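A.B. asks: My questions all concern the structure below.
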Amino acid sequence: MTMCLNKYEGIVARLSVRNAILKENAKQQLMLPPPTPRRHAMAPAVVALPPAAYATAYPSLPAPLAAPVPAPRKPRETWSAVVVSKDPNMSGKEVAERVRKEIAPSLGVRLHEVRGLARGGAIIRTPSSGEIRKVVANKRFGEIGLEVKPSPAQRPKVVVSNVDTATIPDDFMHELYKNNFAEHMTLAAFSKAVHLENTWSVTDGPTVNVTLNVDPTALDVLDGGKAYIGWFAYNCRALANCGRGRAATIEVGVRLRESGHLFALLHEPYLGDERMDLLPEGMRLFADRRGKPAIVVNYQDVICMLVDPLTTDFGVCLSIKGNFGSIFLCSAYCQFDTELEPYLRYMDAVLLQASRTPAILGLDANAVSPMWFSKLSRHAEGRANYNRGELLSEWMLEKGAVALNQPSEVFTFDNLRAHSDIDVTIVNDAASMWATYDCRVDVWELSDHNMITVVATPT
């Protein structure tokens, strides 16, 4: 017999199946997931309970991570350009409409989209760098009072670490070309492909981290991780994906101090061997056992207690008490090549421990859903991050949790090849009643994940 379930009956059925799986997993002893290779090994932030005692004390915590699922199909490549009007009164919607009607039909390129921006102007996306160069070179824009230029976030960045400040910038660029690029491109091509973002002198100390703004072709040359300057080899790191990015982690600390915000929930920060040297004096940093998610505290007049049983390979959790009351903060990095269910069971334990205390969870969920206003293409359904989004949405409905994300023109994740809204800030029911929230996403060029700012105003 065939049964036709409506939307809500389908959700109930899936939840019933998952509940049965949870009961079965609760009988098993907790095992830790296989270690994740990472460039900068670090000691665990805390000493956890032995696995056996851990599972006994917290039977609702996750079972072992499942074997990695097959990698999803590679997302389509996307290159973008920004169009602005010489008329400051023209809205982004009007600019986009002029491009569609007066320019797009004669461009001769494939267009992913032409979309107006809330801050004014419009964005054009194409599937290749050659096509976006053709768009930028089109003179028709100027003829109708528009200006077009490549997206400023389009060029990757590379950091060359610990360069001797006795090497002046001009000599650095000369040696960089001679020892690294001469076999791959002419000096003229190098001058167009590689640009210094910072300068220095011997008064800046013995060494300096040099940031280069590079074309993708230049990034391929430095892909081996070394830059040869004179007789020395320096480590270099691409910041197109700023996981473990030292410069990005330092800037988080600077922004936190300058803004006066109290906390930062981080994913894939650079910890290194001397972790506290990266942050302004007085800041406290707490990380999970893998060093994937972390929490930074920028406020001395609060009591921070690391919740040891909930600081695992799945996330880091703090109990915080201050003049605003008591809250739980949790940061979790839901790794894309593993099943999502173990992280859901981890968050089950976080909400259980928080009970009626306000809890705020910051997730790199690697999942998309209309529930947190992900901007979905018509082909999104069926992809791995869409399926993960359905699971997380069902979990939120079951737990009465709410996403703080708001509609935004800016993607939370945006790099050379793809863009999506996979980062979610979640609060429990107690947190929903404790405060009102303002959430925004700002473009951040040091990382391929943009900066999310949440301002909580206790009621």
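The values are calculated or read from the model by the stated rules, or taken from the named source; none is laboratory data. Keep in mind it's a predicted model, so treat the numbers as computed, not measured. Note that we place each Cβ from the backbone using ideal geometry, even for glycine, and neighbour counts take in every protein chain shown. The accessibility values were calculated without ligands, DNA or RNA, using every heavy atom of the protein model including side chains. Shrake-Rupley method; radii C 1.70, N 1.55, O 1.52, S 1.80 Å.
A.B. asks: Cβ-Cβ under 7 Å, sequence separation 6+ or interchain: first residue in the range 183-209 and part of a loop (DSSP other than H, G, I, E, B), partner of a type in the set (Ser, Thr, Tyr). Which pairs?
C.D. replies: Glu197/Thr211; Asn198/Thr211; Trp200/Thr165; Ser201/Thr165; Gly205/Thr165; Pro206/Thr165
A.B. asks: Could you pull out the residue among Asp301, Asp313 that is at negative phi, within 21 Å of the chain's Cα centre (by Cα) and part of a loop (DSSP other than H, G, I, E, B)?
C.D. replies: Asp313
A.B. asks: Name, by its number, the condition in (1) touching a Leu at 6+ places or on another chain (Cβ under 8 Å); (2) open to solvent by 70 Å² or more (accessible area, probe 1.4 Å) that does not hold for Leu392.
C.D. replies: (2)
A.B. asks: Can you tell me how many residues within the range 413-455 are in a loop (DSSP other than H, G, I, E, B) and touching a helix residue (DSSP H, G or I) at 6+ places or on another chain (Cβ under 9 Å)?
C.D. replies: 7
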